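Worksheet: one structure, shown below.
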Amino acid sequence: DKGGWSSFMAKEINDQPDAVENTVRGRVSPSGVEIPELTALGDERLRGIDRIIIIACGTASYAGQVGAYAIEQWARIPVEVQLSHEFRYREPVLSDRTMVISVSQSGETMDTLMAVKYAAERGVTTVSVCNTQSATIPRESDAAVYTHAGPEVAVASTKAFVAQITALYLIGLHLGRVKGALSAEAAAQAIAQFDELPAKVREAVDTHEQIAQLAHWMADTRSVLFLGRHVGYPIALEGALKLKEIAYIHAEGFAAGELKHGPIALIDHGQPVFVLVPSPRTSPLMHSKVVSNIQEIRARGARVIAVVEKGDTAVLPYADDVIRLPLADAFFEPLLQVVPLQWFALELSTAKGLDVDQPRNLAKSVTVE
Ligand code: M6R
């Protein structure tokens, strides 16, 4: 049931405040964060973990990339992200102190399932972040941390993505506390952010009208670039993937710092570039770097669409369009920034008369390697 929306994807974008709230529910209290499925593994085992590898494909891998920054920061455990289908072939160095966290909406992605089995056979602790109850991957894992985004029907993943990031953050906080790497105060600050998150995601969803206008003017666009830094970088990759998937438009995401190392040569008159601007309050250094990037591309003719936190006026002289989002701590910005990018892909797909929910050549769940 599309709930009155024109597509499942539109409904699912709109469901995102509930998706994050339901994923947090029961795992966060004023006294802390606890994921019972991780507790069941035993604190000794968790304290022994000295390396985490997140494996996933597509959008789930971008959620993994966002989560990796937070888990590493909070738990002080080195975290890397690998595409499931690349994992086995490099013959990764694994031990009984390694944790592999798989991320999969369906829990049936064959590439990810094979990677999980490969890891499990080598004595690794396997944790599954999955949206589908009793799917194969969580059943094959030592622990299943379910996202509670509800069934996702559209091929393009939206609400599962924000729920995956949320679940990975909860895992990072849980591990950080168990390992003693994270103070109770720092955990409490993150928990406070979770409390405010659904209302903020709702505000991000409310950018729809503005984005629809923007997409209307840009209906003939043939290529779009996305720039981000730190946790904004995987969001840039996700924004580009969404456009490719459902609007069949060439799009690329870059780490903003890479611009000068090549991609800036692509900038030509009128080239649309979405820039995810970190908060000047929480990330002043990154903010000033990204504002410089905006100046560089603007000077070369780019059409800049800046995604900023409300009140950030630094970009105004250089941006053609400004999308304003609520204030949030740095790790919580991606959960807001991705929403207008989802709407943008949906609106361009619609403007081109395409089937938003069933893009060509794609299946919701990829069950072959
Ligand atoms: O079910 P999974 O999360 O394992 O699926 C992984 C990817 O196939 C999936 O995220 C794909 O990239 C989506 N179509 C993205 O919108």
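The values are calculated or read from the model by the stated rules, or taken from the named source; none is laboratory data. All of these numbers come straight from a predicted model, not from anything done at the bench. Note: ideal-geometry Cβ built from the backbone for every residue, glycine included; neighbour counts use all protein chains shown. Note: areas computed on protein heavy atoms with side chains; ligands, DNA, RNA excluded. Shrake-Rupley method; radii C 1.70, N 1.55, O 1.52, S 1.80 Å.
Within segment 21-44, the set of residues being open to solvent by 20 Å² or more (accessible area, probe 1.4 Å) and basic (Lys, Arg) comprises just one member, 25. Checked against the criterion of being within 15 Å of the ligand (Cβ to nearest atom) and touching a Lys or Arg at 6+ places or on another chain (Cβ under 9 Å), the candidates 128, 134 yield just one match: 128. The strands (runs of 3 or more DSSP E) located wholly in segment 53-151 that include 3 or more residues which are among the polar types (S, T, N, Q) occupy 98-104, 125-130. None of 18, 1 is open to solvent by 50 Å² or more (accessible area, probe 1.4 Å), in a loop (DSSP other than H, G, I, E, B) and of a type in the set (Asp, Glu) except 1. Scanning segment 336-369 for residues that are away from the ligand (no atom under 12 Å from the Cβ), loosely packed, with under 14 Cβ neighbours inside 10 Å and either within 20 Å of the chain's Cα centre (by Cα) or free of Cβ contacts under 8 Å to residues at least 12 places away in the same chain (or both) returns 353, 355. Do you know which residues across segment 139-166 are more than 29 Å from residue 337 (Cα to Cα) and either within 10 Å of the ligand (Cβ to nearest atom) or open to solvent by less than 10 Å² (accessible area, probe 1.4 Å) (or both)? Correct list: 143 only. Answer with yes or no whether residue 261 is open to solvent by 20 Å² or more (accessible area, probe 1.4 Å) and more than 17 Å from residue 305 (Cα to Cα). In short, yes. Taking the criterion of being within 20 Å of residue 260 (Cβ to Cβ), open to solvent by less than 20 Å² (accessible area, probe 1.4 Å) and touching a strand residue (DSSP E or B) at 6+ places or on another chain (Cβ under 7 Å), the residues of segment 288-318 that qualify are 290, 293, 294, 297, 302, 304, 306, 315. Checking the structure you have, find out if any residue of segment 159-174 is in contact with a helix residue (DSSP H, G or I) (Cβ under 7 Å, 6 or more places away or on another chain) and either part of a loop (DSSP other than H, G, I, E, B) or on the phi > 0 side of the Ramachandran plot (or both). No, segment 159-174 contains no residue that is in contact with a helix residue (DSSP H, G or I) (Cβ under 7 Å, 6 or more places away or on another chain) and either part of a loop (DSSP other than H, G, I, E, B) or on the phi > 0 side of the Ramachandran plot (or both).
Among the residues of segment 55-73, those identified as within 13 Å of the ligand (Cβ to nearest atom) and hydroxyl-bearing (Ser, Thr, Tyr) are 59, 61, 62. Is it the case that some residue within segment 159-171 is touching a Lys or Arg at 6+ places or on another chain (Cβ under 8 Å) and either in contact (Cβ under 8 Å) with a residue 40 or more places away in the chain or acidic (Asp, Glu) (or both)? The answer is yes; a qualifying residue exists. What are the pairs, 6+ residues apart or on separate chains, where a residue within segment 84-104 that is within 15 Å of residue 45 (Cβ to Cβ) and open to solvent by 100 Å² or more (accessible area, probe 1.4 Å) has its Cβ under 9 Å from a residue that is in a strand (DSSP E or B) and more than 16 Å from the ligand (Cβ to nearest atom)? Pairs that qualify, where the first residue is within 15 Å of residue 45 (Cβ to Cβ) and open to solvent by 100 Å² or more (accessible area, probe 1.4 Å) and the partner is in a strand (DSSP E or B) and more than 16 Å from the ligand (Cβ to nearest atom), are 96/125; 97/51; 97/125.
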